[in-house]
2 protein chains.
Amino acid sequence: MCSTSAIADRLRTAGLRPTRQRLALGALLFGGGRDRHVTAEQLHAEVAARGGRVSLATVYNALNQFTAAGLLREVVVGPGRLYFDTNVGDHHHFYIENEGTLLDIPADRVAIARLPSAPEGMRLERVDVVVRVRR
Amino acid sequence: MCSTSAIADRLRTAGLRPTRQRLALGALLFGGGRDRHVTAEQLHAEVAARGGRVSLATVYNALNQFTAAGLLREVVVGPGRLYFDTNVGDHHHFYIENEGTLLDIPADRVAIARLPSAPEGMRLERVDVVVRVRR
DNA sequence: ATAGCTGCAAATGCTTTGCAAGGCC
DNA sequence: GGCCTTGCAAAGCATTTGCAGCTAT
């Protein structure tokens, strides 16, 4: 269920060539079965720790391409703190400020009532709820 | 109600010396009577447009000091997009993505039901709701 | 007088880009 | 082969910091 070929298929379906680098990153991101929140830096370190050789620029490029393809979602919690979330479904986040850690909050655990409608002529893109906590 | 001396008092109360630079910034931020959302860059340009001379570094420092003193609140909507909000009360935001504009949503226009409690041993800091829209 | 500010420029941190070399179809 | 990718290094932004000189109290 998380073989290399499954990831290759996933990339191909998204219109991305399954190169060695993208497969390595994809395996780390999607191969574990559970959802992840990573920064480019973290992912780069992980690949390196497993003996992979992918430049940081390529990690950034790949993450952006994965995001554009709908395989990932960006989560912004602070200036200069861009996370990529493998959970692209509807959900929200806890952000542990003094650790820099993100935790998913399933969409059905948060109910937003009485959200004002988007201003005149605007299309709603997404609603992000970030619950900031501190240990 | 928005004289220079009122702003000077506000700064003094916050433990900040009412210097020429902080008064100029304070007048732009708090003098208009209505709430504002600005970036350091924008505010710097505004001061310059009125003939004021304040360095960008000082604008950043002042905004951070105002925030620490509870006069402003930071709003993060994207990486490298740090806004300062003169409305320090409980409320949320519309973010118009293709304009880079923020709009306040009064707290009583949004009701968050069933928010999961903070994980074990964590103290809730704040809940940020950003409604991303696009024109 | 003196502790606190300011300005400048340099440093920092994160992310993007340009371009030549390499790899997938 | 041809076009997409990669790697490296350099550029780009937003923000912070170090330090000498200035200023409010």
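What part of the accessible area of region B:3-104, given as a whole %, is carbon or sulfur when the probe is 1.4 angstrom?
Numbers: 2360 of 4910 Å².
Percent of accessible area from carbon and sulfur atoms in region B:3-104: 48.
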Specify the residue with the greatest mean-square fluctuation among A:Leu23, A:Leu56, A:Leu102, computed from a Gaussian network of chain A linking alpha-carbon atoms under 10 Å apart.
A:Leu56
Can you give the Rg and Dmax of region B:3-46 based on its C-alpha atoms, in angstrom?
10.4, 27
Whole-Hz couplings from phi, Karplus 6.51/-1.76/1.60, listed for region A:62-75; x for Gly and Pro:
4, 4, 5, 5, 4, 5, 4, 7, x, 7, 9, 9, 7, 10
Rounded to a whole number, the mean other protein chain Cβ count within 10 angstrom for residues of B:74-84 is 3
Among A:Thr13, A:Leu115, A:Phe84, the residue whose Cα sits farthest towards the positive end of the charge dipole of region A:4-133, when +1 is placed on the Cβ of each Lys and Arg and -1 on the Cβ of each Asp and Glu, is A:Thr13
Restricting things to alpha carbons, tell me how big the protein assembly as shown is in terms of Rg and Dmax, in Å.
21.7, 70
Residue by residue through A:104-117, how many Cβ atoms from other chains fall within 10 Å of the Cβ on average?
4
Out of A:Gly100, A:Val127, A:Gly33 - ranked by how far each Cα lies towards the positive end of the dipole of region A:4-133, with unit charges on the beta-carbon of charged residues - the top one is A:Gly33
Hey, can you find the accessible area per residue of chain B for me, probe 1.4 Å, expressed in square angstrom?
51
Please report, in debye to the nearest 20, how large the charge dipole of region A:40-131 is about its Cα centre when each Lys and Arg carries +1 at its beta carbon and each Asp and Glu carries -1 there.
180
What does the convex hull of the Cα atoms of chain A come to per residue, in Å³, rounded to a whole number?
146
Interface B-A: total buried accessible area (1.4 Å probe, Å², nearest 100) of 3300
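The values are calculated or read from the model by the stated rules, or taken from the named source; none is laboratory data. Bear in mind the structure is a predicted one, so any value in this text is a computation, not a measurement. Because the Cβ atoms are built from the backbone with ideal geometry, glycine has one as well, and the counts that use them run over all protein chains shown. Each accessible area value is taken on the protein alone, full model and side chains, heavy atoms only, with ligands, DNA and RNA left out. Shrake-Rupley method; radii C 1.70, N 1.55, O 1.52, S 1.80 Å.
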